[in-house]
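Asks: Got a structure for you, written out below as structure tokens; questions coming shortly.
Nothing in this text is a laboratory measurement; each read-out follows from the coordinates by a stated rule. In this text the structure is predicted, and so the values were computed from the model without any measurement. Cβ: placed from backbone, ideal geometry, glycine included. Neighbour counts: every protein chain shown.
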Amino acid sequence: GLGWPVAGALLAGYGGTMPDGRRSDGLLIAASAGTPVRAVADGTVVYAEWMTGYGQLLIIDHGNGYMSLYAHNDGLLKDAGTQVHRGDPVATVGTSGGQGRPSLYFELRRGGSPVDPGVWLHR
């Protein structure tokens, strides 16, 4: 299994409802602003910049069709093209992308489609 990207209270689970009413394709985890967000597995950063709806977004390609997304960050600590290892800090928790409280939105995708990250993550 993979480690959690940040420790905190689960605000919305996979398939649940986000605070803005949209369906969650990932996990919304509350954490204090500035808390380090950690890579859940080894990989290569393929995206590290602002995206509408996601705020400061970082995406890691883990190979075999798997990617992890880390959104609503305050800051991004890695650039596209950077190799990262499980547990490396890659961003800091924030409120970018319209979130009212500091939290991390995390998605795990396989072949471009969201999968339930709870199946893969272990506390």
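Asks: Per 0.36 nm of contour for each residue apart, how much would the distance between Asp42 and Ala80 grow if the chain were fully extended, relative to their Cα-Cα spacing?
Replies: Net length gain for the segment: 12.3 nm.
Asks: Under 11 Å from the Cβ of Ser32, count the other residues' Cβ atoms, weight Lys and Arg +1, Asp and Glu -1, and hand me the total.
Replies: 0
Asks: Take Ser32, project a point 7 Å from its Cα along the Cβ direction, then tell me which residues of the range 4-19 have their backbone nitrogen under 19 Å from it.
Replies: 5-11
Asks: Below 10 angstrom from the Cβ of Leu69, what's the summed charge of the other residues (Lys, Arg +1; Asp, Glu -1)?
Replies: Net charge in that neighbourhood comes out at -1.
Asks: What's the percent breakdown of Cα-Cα distances in the range 12-73 across 10 Å bins, shortest bin first?
Replies: Percent of Cα pairs in each bin: 20, 48, 31, 1.
Asks: May I pose another question? For the chain, state what percent of all Cα-Cα pairs lands in each successive 5 Å bin, counting from 0 Å until the bin that includes the largest distance.
Replies: Values per bin, smallest distances first: 2, 13, 24, 28, 22, 9, 1, 0.
Asks: Could you tally the net charge around Asp42, taking each other residue with its Cβ under 15 Å from the Cβ of Asp42, Lys/Arg +1 and Asp/Glu -1?
Replies: Here the charged neighbours net out to +1.
Asks: Would you work out the charge dipole size for the range 9-119 about its Cα centre, treating the Cβ of every Lys and Arg as +1 and the Cβ of every Asp and Glu as -1, and quote it to the nearest 20 debye?
Replies: Once rounded to the nearest 20, the dipole reads 200 debye.
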